[in-house]
Amino acid sequence: MSSIRERNQELILRAASEEFAEKGFAATKTSDIAQRAGLPKPNVYYYFKSKENLYREVLETIIEPLLEAAEPFNQPGEPGDVLRAFIRAKIRISRDHACASKVFANEIMHGAPHLSPERVAQLNAQANHNIDRLQGWIDEGLMAPIDPRHLMFSIWAATQTYADFDWQITTVTGKASLDDSDYEAAAETIIRLVLKGCEIRERAAQPVSQ
């Protein structure tokens, strides 16, 4: 029974992500979500109670990956390694969670009315921690003295665009959809721009004690 429940919930969440990404919260109908999921409309209410709850669950599917993407900032590491890992994780989110990523971006553009205060505080705390780490590396002379906040904004924008503006990207590239090589090229390009632009330096090796 639990496997059927999990399967149905997954189908509904996937369908809801696609519907909310295409139409936004207000214009999305639960009947359209059910139809896309291939399930009766009452199933949507049975598992999620309301459209609002379902929308928040879609947001949850992207918040955890976003927090996990920032995990390199929470560990010891050189700035170049941390930034590489963060950029690659953000590109993977745009590839693997494209619809939920669009839903999240739209939610933020409208002032995050459906995000709980606790989630907003958690996301802001992580963002501020990332900025503090960047400023620390700048103070150590490991990075150029740039504004770390605007660096984070630039990375968010550069990686998020592969989810939010996929139609434009596929149109320009002449592809029906992007493949792994496209996402790899995107990650490498952004990494190169960021590391070169930030003038990343490595810490001097500590002498080995005799």
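The values are calculated or read from the model by the stated rules, or taken from the named source; none is laboratory data. Owing to the predicted nature of the structure, the values given are computational and were not obtained by experimental measurement. Neighbour counts are summed over all protein chains in view; Cβ atoms, including those assigned to glycine, are modelled from backbone coordinates with ideal geometry.
With the condition kept exactly as written, say whether any residue in the range 61-68 is of a type in the set (A, V, I, L, M, F, W, C) and touching a His at 6+ places or on another chain (Cβ under 6 Å).
Taking the range 61-68 first, the residues of a type in the set (A, V, I, L, M, F, W, C) are 62-63, 66-67.
Checking the rest, the ones that are also touching a His at 6+ places or on another chain (Cβ under 6 Å) come to 62.
Checking the range 61-68: at least one residue is of a type in the set (A, V, I, L, M, F, W, C) and touching a His at 6+ places or on another chain (Cβ under 6 Å).
Being aliphatic (A, V, I, L, M) and outside the structural domain of Asn130 (by TED's automatic domain parsing): is that true of Val44 here? Yes: the conditions hold for Val44. When restricted to residues that are small (Gly, Ala, Ser), more than 20 Å from Ala85 (Cα to Cα) and part of a loop (DSSP other than H, G, I, E, B), the range 121-148 contains 1.
In the range 59-86, of all residues being in contact (Cβ under 8 Å) with a residue 12 or more places away in the chain and either outside any helix (DSSP H, G or I) or not assigned by TED's automatic domain parsing to the domain that holds Ala98 (or both), the one that is farthest from the chain's Cα centre (by Cα) corresponds to Glu78.
Which of the residues belonging to the range 165-184 are loosely packed, with under 12 Cβ neighbours inside 10 Å, part of a helix (DSSP H, G or I) and either touching a Gly at 6+ places or on another chain (Cβ under 6 Å) or not aromatic (Phe, Trp, Tyr) (or both)? Explain how you work it out, then say what you get.
Going through the range 165-184, the residues loosely packed, with under 12 Cβ neighbours inside 10 Å turn out to be 167-168, 171-177, 179-181.
Narrowing the set further to residues that are part of a helix (DSSP H, G or I) leaves 167-168, 171-173, 180-181.
Listed by number, the residues that qualify are Gln168, Thr171, Val172, Thr173, Asp180, Ser181.
Starting from residues that are part of a helix (DSSP H, G or I) and hydrophobic (A, V, I, L, M, F, W, C), keep the ones in the range 107-120 and report whichever is surrounded by the fewest Cβ atoms within 10 Å (Cβ to Cβ). Restricting to residues being part of a helix (DSSP H, G or I) and hydrophobic (A, V, I, L, M, F, W, C), the top hit is Met109.
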